[in-house]
1. Any residue in segment 97-121 that is among the acidic types (Asp, Glu) sitting within a Cβ distance under 9 Å of a residue that is at pLDDT below 95? List the pairs, counting only those 6 or more apart or interchain.
2. Please verify whether segment 216-225 includes one or more residues that are closer than 27 Å to residue 80 by Cβ and either part of a helix (DSSP H, G or I) or not aliphatic (A, V, I, L, M) (or both).
3. Pairs under 6 Å by beta carbon, first residue more than 21 Å from residue 60 (Cα to Cα) in segment 181-210, partner buried (at least 16 other Cβ atoms within 10 Å of the Cβ), six or more apart or different chains?
4. For segment 184-208, give me each residue that is under 20 Å from residue 152 (Cα atoms), more than 15 Å from ligand 2 (Cβ to nearest atom) and either part of a helix (DSSP H, G or I) or more than 22 Å from the chain's Cα centre (by Cα) (or both).
5. Say we look at segment 206-237 and pick out the residues that are away from ligand 1 (no atom under 16 Å from the Cβ), modelled with pLDDT under 95 and not charged (D, E, K, R); which of these is most open to solvent (accessible area, probe 1.4 Å)?
6. Out of curiosity, is residue 152 within 16 Å of ligand 1 (Cβ to nearest atom) and of a type outside the set (D, E, K, R)?
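The values are calculated or read from the model by the stated rules, or taken from the named source; none is laboratory data. Keep in mind that this is a model prediction, so the values were computed, not measured. Neighbour counts run over all protein chains shown; Cβ positions are idealised from the backbone, glycine included. Ligands, DNA and RNA are excluded from the accessible area calculation, which covers all protein heavy atoms including side chains. Shrake-Rupley method; radii C 1.70, N 1.55, O 1.52, S 1.80 Å.
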Amino acid sequence: MEIDRKKFIDSLGGEERVSRMDPEARADALESHMMAELNKPKFIPANVGRENGKKYPTTAEVEAQIETRKYRDGVGFMFVPRDGENVKRLTPMPANATLYDFFKLRFMDTANHVLQSAALAMRNGMSEEIILACLLHDVVQEIIRTDHGWWGAQLFEPYVPEKVSFAIRYHQTLRYFPDPSVGYEYPDLYRQLFGSDYVPPPYIQETYKMVRKHPWYMDARLVTLNDLYAFDPKAEVSIEPFADIIGRHFKQPKEGLGNDGSPVAHMWRTIARPDQPL
Ligand SMILES: [Fe+2]
Ligand SMILES: [Fe+2]
């Protein structure tokens, strides 16, 4: 990883201050700086922090942005960095890769968001299944963003309780529909992202009607409620508080994710080796 020397030194209080640090303190500071850079949630569209009062785009304006991009917006974060920088060489995955390895070495742009959502779900006293669904709900956006609820549920289906994959699949649909009974409102971010006059397509409307009547509706709904966009890039996030829940509900294959011959093993291999052309 490349370090912006000036930025790093400024973050430590300038050249003079750094020259007074002992080598160990300097090495520690460098390590924390690198971790912070790696974990920066690039996942947030740059326009989330827009000033109040600025109007939301219309769907026509959102559509007009398409041809200003070098890529399609549904492509996953690991394939196309949104900061315009070159991609970085990835650390190879261990042979028997676990969910932890993927969090540590591949979910660079989504880990911060899902860990914050899971931490919120835990603070709010959600069930273990909902906490786990929050922890996993968006990581598939590393490879694909279009219909990420369905892709995400598929990625995890062989390894988690059915209720967890249900909640992951349908959180995407439910995000478009308010539910005042639990205090869930249509996200401002969506007005920015899809346009102020956006109407979800028919398959989303139909899915909503089905899920609304489903006995597990509230499980998926509670994922949307703890799915937060109030990102704090400086928040200390760690997967450690969720180790027991993962241990109890995530069936880690002993051969490693991607080597287990499951119907979705190829998806894990794709995340593990995204530079493989064929
Ligand atoms: Fe999502
Ligand atoms: Fe999310």
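1. Qualifying pairs under 9 Å: 109/40; 109/41; 109/42; 109/43; 109/81; 109/82.
2. Yes, some residue in segment 216-225 is closer than 27 Å to residue 80 by Cβ and either part of a helix (DSSP H, G or I) or not aliphatic (A, V, I, L, M) (or both).
3. Sorted first by the residue in segment 181-210, then by its partner, the pairs are 182/225; 184/224; 184/225; 207/173; 208/173; 208/177.
4. Our first condition is that a residue be under 20 Å from residue 152 (Cα atoms); within segment 184-208, this holds for 190, 200-201, 203-208.
Now narrow it down to the ones that are more than 15 Å from ligand 2 (Cβ to nearest atom): 200-201, 203-208.
Of everything in segment 184-208, those that are under 20 Å from residue 152 (Cα atoms), more than 15 Å from ligand 2 (Cβ to nearest atom) and either part of a helix (DSSP H, G or I) or more than 22 Å from the chain's Cα centre (by Cα) (or both) turn out to be 201, 203, 204, 205, 206, 207, 208.
5. Ranking the candidates gives 233 first.
6. On the way: within 16 Å of ligand 1 (Cβ to nearest atom): yes; of a type outside the set (D, E, K, R): yes.
In short, yes.
Results for (1) buried (at least 21 other Cβ atoms within 10 Å of the Cβ); (2) out of contact with any helix residue (DSSP H, G or I) (no Cβ under 9 Å at 6 or more places or on another chain), shown as yes or no for each residue.
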{"site": "150", "(1), (2)": "no, no"}
{"site": "153", "(1), (2)": "yes, no"}
{"site": "157", "(1), (2)": "no, no"}
{"site": "163", "(1), (2)": "no, no"}
{"site": "166", "(1), (2)": "yes, no"}
{"site": "183", "(1), (2)": "no, no"}
{"site": "192", "(1), (2)": "no, no"}
{"site": "201", "(1), (2)": "no, yes"}
